[in-house]
Amino acid sequence: MTPGPMTLALVFWLELGIKLAVVAAAVPAIGMVIGYAEMKLSAHMQSRVGPYFAGGRYGWAQLIADGVKFIQKEDIVPAEADRPVFKWAPALVLLGTMALFVVIPLHPSRYGIVRDLDLGIFYALAISSVGTIGVLMAGWSSANKYSMIGGLRAAGQLIAYELPLVLATVGVVIQAGTMSMQGIVQSQVSQGWPFLLTQFVGLVIFMIAALAELTRLPFDMPIAESELVMGYVTEYSGFRFLFFFLAEFANMFTMSAIAVTLFLGGYGLWGIPTDSLLSPLIVFAKVGALVFLMIWLRWTLPRLREDQLQTLAWKWLIPISILNIIVTAVLKVVL
């Protein structure tokens with residue numbers, strides 16, 4: 001017997017609800033794993049021990065202990081702050097991160113992605129800027145000059161680096177002929193090699209712009225502890241302070257996952273069927289490599305000056321990305 005419209009609708013919403021619940025649980029878990037990895041890797045890079053009390057000799061429970069500590073702290077709101085905006089800013093940053101997980105494909109089946117949108121890459125790039133809006137809200141509402149400067153710096157970075165981030169993906173869309181994230185992965189799988197081989201320039205530009213979007217070193221001007229105390233986070237405490245850093249670590253995963261989908265073949269790997277149960281592990285391994293690169297760069301490069309940051313975007317990344325689009329389009333027509 002064919003199921004009726006009501007049954008199909010119920011199944012659809014039930015499946016979507018389960019997927020969203022999994023995403024909501026995965027974001028803090030991924031944030032804690034990447035946060036722990038950053039602490040241990042940075043310790044090794046600087047010849048330090050790193051955390052080793054909470055969770056035994058390897059300190060694996062340090063992030064859990066930190067989370068409990070932040071939840072126990074008092075939630076302080078400055079007397080002169082815009083209270084509604086101040087309180088909602090961390091939630092907006094975290095919700096923007098969760099929304100990015102919706103279009104990340106881990107498997108070719110419908111269960112390997114929350115929603116396979118026809119404009120998946122457009123959706124991902126649009127949502128990626130929501131976090132910066134939350135940062136600007138936090139800086140403006142804090143009634144603190146250092147927070148305000150940090151928020152304005154974040155807005156300046158968004159304007160400067162959103163363009164190369166978007167332009168870096170255009171070459172991939174031209175080659176794949178689709179904006180669907182699943183379609184882009186399948187295009188790479190069907191041709192037998194990832195777009196990395198033809199869009200290496202695009203990958204480099206994308207990763208540089210992603211670091212700027214995440215406001216991580218060498219692009220951490222909105223925080224800049226030596227100049228702005230802690231930038232837009234200065235007035236935050238307790239679980240709201242924790243939200244910003246959970247969002248940062250989880251965003252490292254999402255931006256790396258988008259780069260893996262666009263340039264590194266997603267869940268595709270030569271010799272392994274795409275419908276294998278190993279497909280999610282392949283994605284996680286590739287994402288882990290890019291996250292390691294982000295951590296490595298943070299503890300290797302010094303912070304850029306504001307003029308250097310803007311010069312890199314407007315005089316170098318944007319022209320190179322436009323040139324990459326032109327070359328890709330010409331080769332697509334000729335070949």
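The values are calculated or read from the model by the stated rules, or taken from the named source; none is laboratory data. What you see is a predicted model, and the numbers here were worked out from it, not measured in a lab. Every residue, glycine among them, receives a Cβ derived from its backbone with ideal geometry; neighbour counts consider all protein chains shown. Quick note on the areas: whole protein, heavy atoms, side chains included, nothing else; ligands and nucleic acids left out. Shrake-Rupley method; radii C 1.70, N 1.55, O 1.52, S 1.80 Å.
Before we move on, is L242 open to solvent by 30 Å² or more (accessible area, probe 1.4 Å), outside any helix (DSSP H, G or I) and of a type outside the set (S, T, N, Q)?
It is false that L242 is open to solvent by 30 Å² or more (accessible area, probe 1.4 Å), outside any helix (DSSP H, G or I) and of a type outside the set (S, T, N, Q).
Out of T198, T215, T254, which single residue is among the β-branched types (V, I, T) and farther than 19 Å from Y161 by Cα?
T198 is the lone residue from the list that is among the β-branched types (V, I, T) and farther than 19 Å from Y161 by Cα.
Quick one: in the stretch 291-335, of everything that is loosely packed, with under 12 Cβ neighbours inside 10 Å and among the β-branched types (V, I, T), which residue is nearest to G171 (Cα to Cα)?
I326
So which residues in the stretch 15-27 are over 18 Å from the mean Cα position of the chain (by Cα) and surrounded by 13 or more Cβ atoms within 10 Å (Cβ to Cβ), if there are any at all?
E15, L16, K19
Scan the stretch 216-239 residue by residue and report those that are part of a loop (DSSP other than H, G, I, E, B), touching a Ser or Thr at 6+ places or on another chain (Cβ under 8 Å) and within 26 Å of A124 (Cβ to Cβ).
Result: M221, P222, I223.
Being closer than 23 Å to G271 by Cβ and either surrounded by 22 or more Cβ atoms within 10 Å (Cβ to Cβ) or modelled with pLDDT under 90 (or both): is that true of Q186 here?
So Q186 fails the test.
Looking at I18 and the list (1) touching a helix residue (DSSP H, G or I) at 6+ places or on another chain (Cβ under 8 Å); (2) not in a loop (DSSP other than H, G, I, E, B), which single condition is not satisfied?
Result: I18 passes all but (1).
To keep it simple, each residue is scored yes or no on (1) open to solvent by 20 Å² or more (accessible area, probe 1.4 Å); (2) in contact (Cβ under 8 Å) with a residue 40 or more places away in the chain.
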| residue | (1), (2) |
| --- | --- |
| E213 | yes, yes |
| V260 | no, no |
| L264 | yes, yes |
| I272 | yes, no |
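Among the candidates I30, I64, which residue alone is open to solvent by 70 Å² or more (accessible area, probe 1.4 Å), in contact (Cβ under 8 Å) with a residue 12 or more places away in the chain and in a helix (DSSP H, G or I)?
I64
Working carefully through the options P51, P78, find the one that is open to solvent by less than 40 Å² (accessible area, probe 1.4 Å), more than 21 Å from T234 (Cα to Cα) and either of a type outside the set (D, E) or modelled with pLDDT under 85 (or both).
P51
Specify the residue that is nearest to the chain's Cα centre (by Cα); the eligible residues are those in the stretch 45-61 that are in contact (Cβ under 8 Å) with a residue 12 or more places away in the chain and in a loop (DSSP other than H, G, I, E, B).
Only one residue fits best here, namely W60.
Taking the stretch 81-108 as the search range and keeping residues that are aliphatic (A, V, I, L, M), open to solvent by less than 30 Å² (accessible area, probe 1.4 Å) and in a helix (DSSP H, G or I), which one is farthest from T254 (Cα to Cα)?
A89
Being within 17 Å of the chain's Cα centre (by Cα), aliphatic (A, V, I, L, M), open to solvent by 40 Å² or more (accessible area, probe 1.4 Å) and under 17 Å from I318 (Cβ atoms) is the requirement here; does V170 meet it?
Taking the combined requirement at face value, the residue does not satisfy it.
Any residue at all in the stretch 194-205 that's outside any helix (DSSP H, G or I), more than 22 Å from L323 (Cβ to Cβ) and open to solvent by less than 40 Å² (accessible area, probe 1.4 Å)?
Within the stretch 194-205, not a single residue is outside any helix (DSSP H, G or I), more than 22 Å from L323 (Cβ to Cβ) and open to solvent by less than 40 Å² (accessible area, probe 1.4 Å).
Among the numbered conditions (1) over 25 Å from A210 (Cβ atoms); (2) touching a helix residue (DSSP H, G or I) at 6+ places or on another chain (Cβ under 8 Å); (3) modelled with pLDDT under 85; (4) among the aliphatic types (A, V, I, L, M), tell me where V85 comes up short.
Among (1) over 25 Å from A210 (Cβ atoms); (2) touching a helix residue (DSSP H, G or I) at 6+ places or on another chain (Cβ under 8 Å); (3) modelled with pLDDT under 85; (4) among the aliphatic types (A, V, I, L, M), the lone unmet condition for V85 is (3).
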